[in-house]
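The structure appears right after this line, and notes come after that.
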Amino acid sequence: KTPNTGSTSIPYLIVDGFDRLDAGAMIPRNESSALGTVKRMFLDKMNRYDYMIEHAKGLANCNNIAFDGCQNEAVINGNVLLTNYTAVDWFVGEESTVDKTLDATERTLLKSYLNAGGNLLLSGSEVGWDIGRAASANVDLDLFNNYLKASYIGDDAGSYDFTGTSSFFTSQSGSFDNGTNGYYDVDFPDRVAANGGTTFLNYVGGT
């Protein structure tokens with residue numbers, strides 16, 4: 001779909017903020033007993049640039065809800081206005097400090113959108129490390145603590161597995177990819193705590 005720049009009856013927007021493609025995203029692979037595990041540059045497993053399809057399928061399964069989609073740069077440049085949408089699904093994948101999960105402009109726009117009553121689903125494995133960690137160059141504790149209602153605890157849960165809590169998704173469990181199933185390697189997922197929010201999922205094993 002073509003994103004709407006004026007008033008719209010389309011309620012949802014999916015924003016792809018996952019641009020990262022660097023050596024840190026290379027995939028570990030056990031080559032042999034002699035070589036051991038080495039990191040390989042499997043580009044399609046580092047960032048396929050088509051993860052919006054997964055998010056789109058999720059929305060399409062919700063009573064065929066209509067949605068628009070765009071890159072995060074379109075929001076930054078003002079070509080797509082968040083305020084035209086009831087809810088925004090914004091994903092940043094493995095974006096981190098160097099490539100910025102959310103730059104200063106994005107953070108300001110998201111705060112304004114939420115202040116106006118907007119609804120945000122933000123996902124990414126390094127959001128806490130980037131904006132919720134006091135030592136980060138991109139720190140924005142106001143957004144992370146007060147808007148996202150979370151507190152950063154530490155880097156790397158040491159697990160790819162998760163399960164639901166006693167209140168939500170009680171029968172659900174699953175795993176992040178380690179780069180072997182067609183997705184990027186979620187190798188350093190943040191450890192965060194609810195800070196006025198509610199925990200829906202917990203790691204299994206690790207920390």
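The calculated FRET efficiency for residue 33 paired with residue 153, based on their beta-carbon distance and R0 = 35 Å, is about 0.40. Rolling a 1.4 Å probe across the protein heavy atoms gives the chain an accessible surface of 52 Å² per residue. For residue 57, the aspartates and glutamates whose Cα falls under 18 Å of its own Cα, not counting residues fewer than eight places away in the same chain, are 16, 68, 89. Compared with the dominant principal axis of the Cα atoms in the chain, helix 104-115 is inclined by about 50°.
A P(r) calculated from all alpha carbon pairs of the range 107-207, with 10 Å bins opening at zero, reads 15, 42, 34, 10, 0 percent.
Could you tell me what percent of the accessible area of the range 77-134 is made up of carbon and sulfur, with a 1.4 Å probe and every protein chain present? Heavy-atom surface of the range 77-134 belonging to carbon and sulfur, 1.4 Å probe: 52 percent.
Restricting the count to DSSP beta bridges whose residues both fall in the range 68-204, what percent are antiparallel, rounded to a multiple of 5? Once the DSSP bridges in the range 68-204 are tallied, antiparallel ones form about 70 percent. In a simple Cβ point-charge model (Lys, Arg +1; Asp, Glu -1; nothing else charged), the range 37-169 has a dipole of about 140 debye relative to its Cα centre. Listed values (1) 1.06; (2) 1.02; (3) 1.10 include one computed from this model; for Cα Rg over 2.2 N^0.38 Å that value carries the label (1).
The values are calculated or read from the model by the stated rules, or taken from the named source; none is laboratory data. Everything numeric in this text was worked out from a predicted model, so none of it was measured. Every residue, glycine as well, gets a Cβ built from its backbone with ideal geometry; the counts of neighbours run over all protein chains shown. Ligands, DNA and RNA are excluded from the accessible area calculation, which covers all protein heavy atoms including side chains. Shrake-Rupley method; radii C 1.70, N 1.55, O 1.52, S 1.80 Å.
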